[in-house]
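To start, the structure under review is shown below, and the notes come after it.
The values are calculated or read from the model by the stated rules, or taken from the named source; none is laboratory data. As the structure is a prediction and not an experimental result, all values here were calculated from the model. Because the Cβ atoms are built from the backbone with ideal geometry, glycine has one as well, and the counts that use them run over all protein chains shown. SASA here: full protein model, heavy atoms, side chains in, ligands and nucleic acids out. Shrake-Rupley method; radii C 1.70, N 1.55, O 1.52, S 1.80 Å.
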Amino acid sequence: MGGGMTTVERTQVFLLPDLGEGLSEAEIVEWRVAVGDVVTVDQSVVEVETAKAVVDVPCPYAGRVVTLHGAAGEVRPVGQPLITIAPLDGGDESAGHATYREEERAGSGNVLIGYGTGHGGATRRRRRPRLVLAPEPTDVGPADAARPDTARADVAVSAAVGAAPADPRSPAALVISPIVRRLAREHGVDLGTVRGTGPGGVIRRADVEAALTAPAARLAAVPDPHVALAPAGDGDVIVPLTGVRKAIADKLSRSRREIPEVTIWVDVDATSLLETRAAINAAAPDAPVSILALLARICLSGLRRFPQLNARVDTEAQRIVQSAGVHLGIAAQTDRGLLVPVLRDAQRLTTAELAAELAATTAAARAGNLPPARLTGGTFTLNNYGVFGVDGSTPIINHPEAALLGVGRIVDKPWVVDGQLAVRKVTQLSLTFDHRVCDGGVAGGFLRHVADCVERPAMLIAAV
């Protein structure tokens, strides 16, 4: 049968869908259902993490859950079984199939694109360094590893809700969410020392984050004996290079390998820009405009004048592609690493709309609610690293873009104004660009235009 379904003895097997952007696999974060549960069409059944985002996956079939293919923490290739559904008593296979097809024809917003099109290899279990903590739902013994998917899923579920603690002398840590377990593992927090504030004393993510501030709650990571790691010294913390962290590493490494980048910078007096922002917000207090929004508006003005920087290099076709629209990437630091959500066709937005979109997008990125499509396709990136209290940087271009503008902190500094020394609000702007798309004249012209607009915002009005 077509799509992402196979049928065996009146059951329907939903295959891990293609989650977009050429992703070939996803890690199971948390099952939303258990074996025996009844699900409806388009009900979210599992939360998975790709190299780009955390995604809720809806099931296009209705019925009773027969098998969960994989446990939390396991990586599943695209196109491999994810969940098996059996029709409810009195139903039949054709009815279930018809329900799915009807939803598909109706354009259900939850049915994902291209499921079943991938051809991954065999399921593999990612080995990770572990802490001496309460048992995790992914811990299975050699005998369990040989069991069918149903048995392994049952082991995972039982471990998540009622497994005995590793140390019989210590109380069991009440943790249900694999996300909470992983957060504790990655930061070396002993869950046995954390007080849960959830219902019945369940440990929540906020409890783990609060424990991070307590030095006594931190432990050194204990490597999994099955992993061949370099010897670690006392107190070393092992952080696996997986998931988003691995995707970031791969992309930055590729950028440095392929792009001959150059960084130029200039100090600017941002006093007038801050005054302009204050005047705008005083006039419209219900729709405040951030400094980042004003800098984004200035960048859009600069890219209109210097479109060579709103481009990418197509190495296979040996050509430079200048984008018709500005898909503005905003570097955002999140708990999952550095993400670059994209505002598509940002040049069409007013300054107030830019401010609202920036606030909503960065908040969604930090909450992990952005779909993978919102994290790709940028043509130019704005990076406000000044929020970290630093003055300057030589940032790496977000491949395959051609340029990135960085903004340092705004601080009081001595500045010459009309021949007199004064204290002004000063920041440093840095532009990193791909030397293949332009030479220094274009890059310098863009950076000077941005600097002039920061120092004299009235110029921005004349340019738009």
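General remarks:
- Every condition in (1) among the aliphatic types (A, V, I, L, M); (2) farther than 28 Å from residue 242 by Cα; (3) in contact with a strand residue (DSSP E or B) (Cβ under 8 Å, 6 or more places away or on another chain); (4) in contact (Cβ under 8 Å) with a residue 24 or more places away in the chain is met by residue 338 except one, and the failing one is (2).
- When segment 415-454 is filtered for residues that are open to solvent by 40 Å² or more (accessible area, probe 1.4 Å) and outside any strand (DSSP E or B), the ones remaining, listed by number, are 418, 419, 435, 436, 439, 440, 441, 448.
- Criterion violated by residue 388 - all others in (1) under 21 Å from residue 455 (Cα atoms); (2) touching a Lys or Arg at 6+ places or on another chain (Cβ under 9 Å) satisfied: (1)
- The residues on offer are 346, 356, 293, and the sole one that is open to solvent by less than 10 Å² (accessible area, probe 1.4 Å), in contact (Cβ under 8 Å) with a residue 60 or more places away in the chain, over 30 Å from residue 185 (Cα atoms) and among the hydrophobic types (A, V, I, L, M, F, W, C) is 293.
- Of all residues in segment 318-341, those being modelled with pLDDT under 90 and assigned to a strand (DSSP E or B) number 6.
- Hits in segment 4-58 - residues which are open to solvent by 30 Å² or more (accessible area, probe 1.4 Å), modelled with pLDDT of 85 or more, among the polar types (S, T, N, Q) and farther than 15 Å from residue 368 by Cβ: 40, 43
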